[in-house]
Amino acid sequence: MAVTIWHNPRCSKSRQTLALLDAPEVRLYLKDPPSVAEITQALSLLGMAPIELMRTGETLFKELGLSKSEDGATLIDAMAQNPILIERPIVFANGKAAIGRPPEAVLTIV
């Protein structure tokens, strides 16, 4: 079973989630940003709207002039161009995805 985590080592929740996983593939998504297609797929697996995957409290969210009422395509494009806006960590396993907030939430899919 392949397990992948979109990981930010500076994030405590991401580090805690990584510690729960057995030898996952680690993608440092800030250095290797996901594409629009990958974000769209993640949203589908998570069953979320784009705004739900965004870190709306990030200063960059406001600096880019984004709002919670933006259309999905605009938000997905913003996440692809500025991966710091993506909520983290996201774990992918068994054709499913989960956000590690709290970290134990990912255990339901691995």
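A short reminder: the numbers here are calculations on the coordinates, not readings from a lab. Since this is a predicted model, take the numbers as computed values, not measurements. Heads up, the Cβs are rebuilt from the backbone with ideal geometry, glycines too, and the neighbour counts pull from every protein chain shown.
Among the residues of the stretch 94-103, those identified as within 20 Å of Q16 (Cβ to Cβ) and in a loop (DSSP other than H, G, I, E, B) are G100, R101, P102. Could you please give the count of residues in the stretch 70-108 that are surrounded by fewer than 18 Cβ atoms within 10 Å (Cβ to Cβ) and among the hydrophobic types (A, V, I, L, M, F, W, C)? Here the count works out to 4. Among the residues of the stretch 75-110, those identified as within 19 Å of V36 (Cβ to Cβ) and acidic (D, E) are D77, E87. Consider the stretch 1-48 and keep the residues that are under 12 Å from I90 (Cα atoms) and among the β-branched types (V, I, T). The one that is surrounded by the most Cβ atoms within 10 Å (Cβ to Cβ) is T17. Criterion applied to V91, V106 was being in a helix (DSSP H, G or I) and within 20 Å of L21 (Cβ to Cβ), and the one residue passing it is V106. Filtered by the rule that a residue be closer than 15 Å to I84 by Cα and acidic (D, E), the stretch 14-37 gives a lone residue, D32.
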